[in-house]
1. Taking a ≥ b ≥ c as the square roots of the Cα gyration tensor eigenvalues, with a/c under 1.5 meaning rounded and otherwise prolate when a/b beats b/c, else oblate, which class fits segment 235-324?
2. Of [x] 53.6, 181; [y] 21.1, 70; [z] 19.4, 62, which is the value of Rg and Dmax of the Cα atoms in Å derived from the coordinates here?
3. When the accessible area of segment 54-126 is split by element with a 1.4 Å probe, what percent falls to carbon and sulfur?
4. Per the 1.4 Å probe, what fraction of the accessible area of segment 188-279, in percent, lies on carbon and sulfur atoms?
5. Under 16 Å Cα-Cα from LYS100, which lysines qualify once same-chain neighbours fewer than 8 residues away are excluded?
6. Roughly how many Å² is the accessible area per residue of the chain, as a whole number, for a 1.4 Å probe?
7. Charges on Cβ only, +1 for Lys and Arg, -1 for Asp and Glu, centred on the Cα centroid of the chain; of VAL204, ALA258, GLY166, which one is farthest towards the dipole's positive end?
8. Only helical DSSP H runs with n ≥ 4 go in: add -39500 (n - 2.57) per run for the chain, normalise by residue count and round the 222 nm mean residue ellipticity to 500 deg cm²/dmol.
Amino acid sequence: MPIEGATLLFLVLAGIVLFFIFLYFVPVNLWITAIFSGVRVGLFDLVFMRIRKVPPRVVVDSLITATKAGLQISSNELETHYLAGGNVPNVIRALISADKANINLSFKQATAIDLAGRDVFQAVQISVNPKVITTPKVAAVAADGIQLIAVARVTVRASIAQLVGGAGEDTILARVGEGIVSSIGSAKSHKEVLESPDKISKLVLSRGLDAGTAFEILSIDIADVDVGANIGAKLQIDQASADLKVAEARAEERRAMAVALEQEMKAKAQEARAKVIEAEAEVPKALSDAFRSGNLGVMDYYKMQNVQADTGMRQAIAGSGQPNMPKKEG
C-alpha cells in the first residue's frame with residue numbers, strides 16, 4: 001500500500017507539472033480572450049509563437065488594442081517586428097494616436113521609425129503637440145563692433161516622413177545659432193537689432209533651416225537680447241598696442257644704429273688724431289733736416305715762431321681758444 005500511495009502521489013505531481021507546461025505552450029486562456037475580443041488567432045499560432053520565443057500575450061494584447069481602434073494589422077506583422085527587435089506596444093500606440101489625429105502614418109513607416117531607434121509614439125505626440133526648443137546663448141557682433149547675446153525659442157513639429165535618416169534637435173539648434181550670428185553680423189548697428197529683434201527671427205526662418213531634419217520649424221522667437229562687450233573698441237585697443245610695440249621696436253633699432261654709428265665715428269676720430277700726432281712727430285725731424293741742409297736759417301725759424309705766437313694771441317683775444325704759444329727749445 002505505501003508503494004502504491006507514493007506512485008499515485010508521483011503521478012499527481014507529474015500530471016500537475018505537465019498541465020502547467022501544457023498551459024505555458026498552449027495559452028488557452030489567451031486564445032479565449034482573443035476570440036471574445038474579435039481577434040482571429042489560431043491556437044496553434046500561439047503555440048508556434050511560444051516556440052519561436054515570441055511572447056504571445058504581447059502580440060495578442062497589441063492585436064486586441066489595434067482591432068478595437070479600427071486598425072487592420074495581422075499577427076504575422078507584429079511577430080515579425082518583435083523578432084526584428086522592435087517595440088510592438090509602442091508602435092500600436094503610435095498608430096492609434098496618428099489615426100485619431102488624421103496623420104498619415106502606415107505600419108511600415110511606424111516600424112521603420114521604431115527600428116531606427118526613435119520613439120515613434122513620442123514623434124507622433126510632437127507632431128500633434130509642437131515642441132519648444134530653447135537655444136543656448138548665442139553671441140554675435142554687429143557692424144558697429146558691439147556684441148549682442150541672444151536667446152531664441154524654436155517651435156518644431158516632428159516630420160513623420162523625415163524621421164528615418166533626418167537630423168535631430170542638435171542640428172536644428174546649430175543652424176538656428178548660425179542664422180542668428182549671420183543676421184546680427186549683417187546689421188549696421190546693434191541698435192537696429194534691439195529695436196526690431198523680430199527681423200532676426202524672420203530672416204532665420206526664411207532660410208529653410210529644417211531641410212534634411214526630422215522636424216519642421218514652425219516659428220523662431222527671440223526671447224532675450226543682451227548687450228555684451230564693445231568688441232570693436234577692444235580690437236582697436238589691441239591694434240594700437242601692437243602698433244605701439246612695432247614703433248618702439250623700430251625706434252630702438254634706429255637708436256642702436258645711431259649708437260653704433262657714433263662709436264664708429266669716435267673710432268675714426270681717434271684714428272685721425274693718431275695720424276696727426278704721428279705727422280706732428282715728423283716736424284722736428286724735418287726742421288733738423290732743413291737746418292742741416294741749409295734750407296732753413298735761424299732767423300727764418302724765429303720768424304716762424306713769432307708768427308705762431310702772434311696767431312695764438314689773436315685766437316686768445318677773439319675767445320676762440322687758448323693761445324697756442326710755441327715752446328722754446330732749450
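The values are calculated or read from the model by the stated rules, or taken from the named source; none is laboratory data. Quick caveat: nothing in here was measured; it's all calculated off a predicted structure. Glycine also receives a Cβ, built like all others from the backbone with ideal geometry; neighbour counts cover every protein chain displayed. The accessibility values were calculated without ligands, DNA or RNA, using every heavy atom of the protein model including side chains. Shrake-Rupley method; radii C 1.70, N 1.55, O 1.52, S 1.80 Å.
1. Details: a/c = 10.12, a/b = 3.04, b/c = 3.33.
The shape class here is oblate.
2. Entry [x].
3. On the way: 1710 of 3570 Å².
Carbon and sulfur: 48 percent of the exposed surface of segment 54-126.
4. On the way: 3850 of 6720 Å².
Solvent-exposed carbon and sulfur of segment 188-279 make up 57 percent of the total.
5. Here the lysines satisfying the reach criterion relative to LYS100 are LYS68.
6. Values: 21570 Å² over 330 residues.
Here the residues of the chain average 65 Å² of exposed surface.
7. The residue sitting farthest along the positive end of the dipole is GLY166.
8. Values: 13 runs with 210 residues, N = 330.
Helix-only estimate at 222 nm: -21000 deg cm²/dmol.
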